[in-house]
1. A:Glu266 versus (1) touching a helix residue (DSSP H, G or I) at 6+ places or on another chain (Cβ under 8 Å); (2) open to solvent by less than 10 Å² (accessible area, probe 1.4 Å): which is the lone unmet condition?
2. Would you mind stating whether A:Gly261 is away from every other protein chain (no Cβ under 12 Å), of a type outside the set (Ser, Thr, Tyr) and at positive phi?
3. B:Ser206 fails exactly one of the following numbered conditions: (1) more than 11 Å from chain A (Cβ to nearest Cβ); (2) within 28 Å of A:Ser143 (Cβ to Cβ). What is the number of that condition?
4. Return yes when A:Lys498 is free of Cβ contacts under 8 Å to residues at least 12 places away in the same chain, in a helix (DSSP H, G or I) and basic (Lys, Arg) and no when it is not.
5. Kindly check whether there is at least one residue in region A:402-412 that is open to solvent by 10 Å² or more (accessible area, probe 1.4 Å), of a type outside the set (Ser, Thr, Tyr) and in contact with a His (Cβ under 6 Å, 6 or more places away or on another chain).
6. Report, ordered by the first and then the second residue, all pairs with beta carbons closer than 6 Å, sequence separation of six or more or different chains, a first member in region A:337-348 that is under 12 Å from A:Lys313 (Cα atoms) and more than 7 Å from chain B (Cβ to nearest Cβ), and a second member that is of a type in the set (D, E, K, R) and buried (at least 19 other Cβ atoms within 10 Å of the Cβ).
7. Could you name every one of the helices (runs of 4 or more DSSP H) located completely within region A:162-274 that has at least 3 residues being under 26 Å from A:Thr291 (Cα atoms)?
8. In region A:117-158, what count of residues is obtained for those that are within 13 Å of chain B (Cβ to nearest Cβ) and touching a residue at least 24 places away in the same chain (Cβ under 8 Å)?
There are 2 protein chains.
Amino acid sequence: MIQTAVRSLVQARQRPLTLSLRYASSKPHSKVLTTETMHPLVRQMEYAVRGALPIRAEALQKELLTDKTKGFDKVVFCNIGNPQQLNQKPITFFRQVASLAENPELLTPSNREALLKLYPADAIARAEVLLKHIGSVGAYSHSKGIHHIRENVAKFIERRDGFPAEPENIFLTQGASSGVQTVIQILTQNSKSGFMIPIPQYPLYSATLSLVGATPVPYYLEESHNWGLNVDELKEAVHKARADGTDVRALVIINPGNPTGQCLSEENMREIIDFCHNERLVLLADEVYQTNIYKPKAAPSTASKRFSNPWAKKLFSFHSISKGMIGECGRRGGYLECVNIDPKVMDQLYKIASVSLCPNVQGQIMVDLMTNPPKQGDESFEKYQGEIDSIYQSLIRRSNKLAQCFNSMENMTCNEAEGAMYLFPQLKIPQKAVDAAKEKSMAPDTFYCMAMLEATGVCVIPGSGFGQEPGTWHFRSTFLPEEHLFDKFCADLKGFHKKFMDTYKD
Amino acid sequence: MIQTAVRSLVQARQRPLTLSLRYASSKPHSKVLTTETMHPLVRQMEYAVRGALPIRAEALQKELLTDKTKGFDKVVFCNIGNPQQLNQKPITFFRQVASLAENPELLTPSNREALLKLYPADAIARAEVLLKHIGSVGAYSHSKGIHHIRENVAKFIERRDGFPAEPENIFLTQGASSGVQTVIQILTQNSKSGFMIPIPQYPLYSATLSLVGATPVPYYLEESHNWGLNVDELKEAVHKARADGTDVRALVIINPGNPTGQCLSEENMREIIDFCHNERLVLLADEVYQTNIYKPKAAPSTASKRFSNPWAKKLFSFHSISKGMIGECGRRGGYLECVNIDPKVMDQLYKIASVSLCPNVQGQIMVDLMTNPPKQGDESFEKYQGEIDSIYQSLIRRSNKLAQCFNSMENMTCNEAEGAMYLFPQLKIPQKAVDAAKEKSMAPDTFYCMAMLEATGVCVIPGSGFGQEPGTWHFRSTFLPEEHLFDKFCADLKGFHKKFMDTYKD
């Protein structure tokens, strides 16, 4: 699909003049803008996380307002890692600071008495420090983000990894996605520029490559080894792509994995870095789930490793406020760290950032709080730590419960999640169901997910949106439904699955 | 410059295999990512609003922390319409609602007594309504924006224009810029796709066209007619471009103008709409300054006209929370209305919006407040109206003062601002200064602006960043410095200008 997109672009750019005159005034009744005449790469791009399933889920949600005969009363959105949509509570201290930054009038001395009834002193103090550096959350900031916050991010990276980071090498972004999109854009010299991406992958990558007209170079994760990454697979993929004429220039690693949930061992990470160095590849490390690690491997240090200095030679690393135990998705905040990137290239990144003026300031404030939370001894520390721990422990329990649920079903196997927020079970679909799907012009996994949605209100995403070994079928589900609803959630899935398999058994 | 960019892209896509292997492992010591090997369109894009002048201004600001010998103690950023950076106060009611939405714990009954000491009841009620529809500001919303807010935007458009608007045709965006970028992208079928843009223009347009590899089709505004738009000029431009093989498909109108500040008369707007209809052009109406109108023309209705239903045949209209009297730039909020756009094309816009997940929710909340402010009779109405009026009247006074200041100077003439936030004076630069600029490899207007920055700390943007008639020189300055500093601001500019002209007089 993506190769087709690239070919179309090349053809489009070589098309003769006739096409370009199609909408001249000599043909006044032709439509000006249709899907046929729009940007071909946009038209061809696929983006599954918000594709056919979530569109049907939205419509279903509207139907449920009036139709009470479906046997369920709401849609459960497991198609996207959006914890607060499913009622995960925000971190109290973070929201206190954010609300004070919104309304600096509260900070005037005459309000102090009333304010102290509603806010702890350390939240007030933090808001005051931030506003001193920011001015107003309503002013455009520096296009790379507020310098004070970039300094705090650099200190955070240094504490985490034991190696200095530079505020000038950090760009605050509107979520990790916008950083990823910009870096892929800048790395694309022409349609032969190749990016190694895992299969299964988070569809942001395939969609962005499709949009910029670059070439995806897939490498497969090993489902039978708990979705592990084998460096020999990387080598084979890069050599084959180069022999085919692709200018492979970057490797995308998602760690912990999305949709697959695996965590790389330190040894594996070192091999990957050597591979990038030997093959002259820039490493794009999507590390947005870096605190969502549930099963630290034998060596305890593994769990806390990220691709960063002094290890990585040439690296873009992405982080986000949307994941972890914070889950502030709607705020759109994150950062991008550049390690050993040519300063002139960073100037170009700055120029692109400038066209969109700046990342939203409330998103930047949340990056400050994520990287610089209350410390032991601070008034808000205990509450903060308690909230984080409680969400973390609950995620572990829910991930285990859902994996057990999937593994208890006929024709389904599921690796446990070592990290992230998703499970990606494999499904054996009976031939009758494959035939029924074909009749509806659906892929078999889409057919299964659509049936699940209609029967239970649970929205998950078919594996074809992420990529999977040909002939295998999967889907991705978050394990984010609320804990007190989780047993019912699992029972609903089991009930549906049994019915589905009974209906279509061979 | 932009045509060059397009040519380079075409060449890049046709380059033979040799180039694509340049970074294969056979040449292990070549650099992986440099400005030579990056995306050629990104490299060639120019973006003046945050170009050489603001970069020098940032450095200067750092120098001023230690160097007290410059004769001024801070940089005055007149390069960008960023009112709150220059201490414009935010609208109280808006910030109250935003801060309550951040911290829903405040809304619990046990806090009500303390809360009512700090917040008016209508702000509390509004926050409650919003949270009922939003859930949490930390959750991803619908990719087109929260439905309730889109309904409010549709009602706002209907009240404003007397013609119904559809929530489904409205996309909330992260500022107007991201809407403009997406629409230009989708309208670009290939490198021959042409977009008519005014000269002078806001450089978002030229930068975005350059990034997507489309062809700009310039039309000139008439400086001698107060930057008016002559439809004959449009006709000439489109016919010439089509004869040259460009597939002209859209017309960009910025009204009120940026950088030029003119407002279109209703008659002029009707001519433009007929022109678009006859020539099969989609109209892109950048109407972010729609409330910044200072000199309503003879017919009072003119001042309140926007390109909208039922006038416009096929239209994308952009609005923003960053301008008007609100000036909430750092929050990144806005909306895009699609009028008579093919539903399948809107599905594609939705797909693109999905890849970035959603516009930030606090930006969406501010769009709700902008389009649905306190009404007569509401507790906060008087304060709200007073704040809006006070900023509006002050903008009028400052715009007149700055125009008078420019017109009082030797070798400078300046049209008054009918709207927006900028003046764009024309400058006659003496030959000696032109020669001195050449020696420094600068355009003469850049040379003048750089000298102004070094002498006064005032940062403006040279006309070459916006486009200007060949052989003429201009610069753009906001009139946003605080009113109590405004006389000194004008005096500083005058003092610098006189010295500059004395130094370089022929």
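1. Checking A:Glu266 against (1) touching a helix residue (DSSP H, G or I) at 6+ places or on another chain (Cβ under 8 Å); (2) open to solvent by less than 10 Å² (accessible area, probe 1.4 Å), the one that fails is (2).
2. Working: away from every other protein chain (no Cβ under 12 Å): yes; of a type outside the set (Ser, Thr, Tyr): yes; at positive phi: yes.
The answer is yes for A:Gly261.
3. Failing condition for B:Ser206: (1).
4. Details: free of Cβ contacts under 8 Å to residues at least 12 places away in the same chain: no; in a helix (DSSP H, G or I): yes; basic (Lys, Arg): yes.
Considered against the rule, which asks whether it is free of Cβ contacts under 8 Å to residues at least 12 places away in the same chain, in a helix (DSSP H, G or I) and basic (Lys, Arg), A:Lys498 comes out as no.
5. Looking for residues that are open to solvent by 10 Å² or more (accessible area, probe 1.4 Å), of a type outside the set (Ser, Thr, Tyr) and in contact with a His (Cβ under 6 Å, 6 or more places away or on another chain), one finds at least one in region A:402-412, hence yes.
6. Pairs that qualify, where the first residue is under 12 Å from A:Lys313 (Cα atoms) and more than 7 Å from chain B (Cβ to nearest Cβ) and the partner is of a type in the set (D, E, K, R) and buried (at least 19 other Cβ atoms within 10 Å of the Cβ), are A:Asn340/A:Lys314.
7. Working: elements: A:175-187, A:204-212, A:231-243.
Filter on region A:162-274 gives A:175-187, A:204-212.
8. Count: 19.
The values are calculated or read from the model by the stated rules, or taken from the named source; none is laboratory data. Owing to the predicted nature of the structure, the values given are computational and were not obtained by experimental measurement. Ideal geometry is used to build each Cβ from the backbone, glycine not excepted, and the neighbour counts take in all protein chains shown. Accessible surface areas use protein heavy atoms only, side chains included; no ligands, DNA or RNA. Shrake-Rupley method; radii C 1.70, N 1.55, O 1.52, S 1.80 Å.
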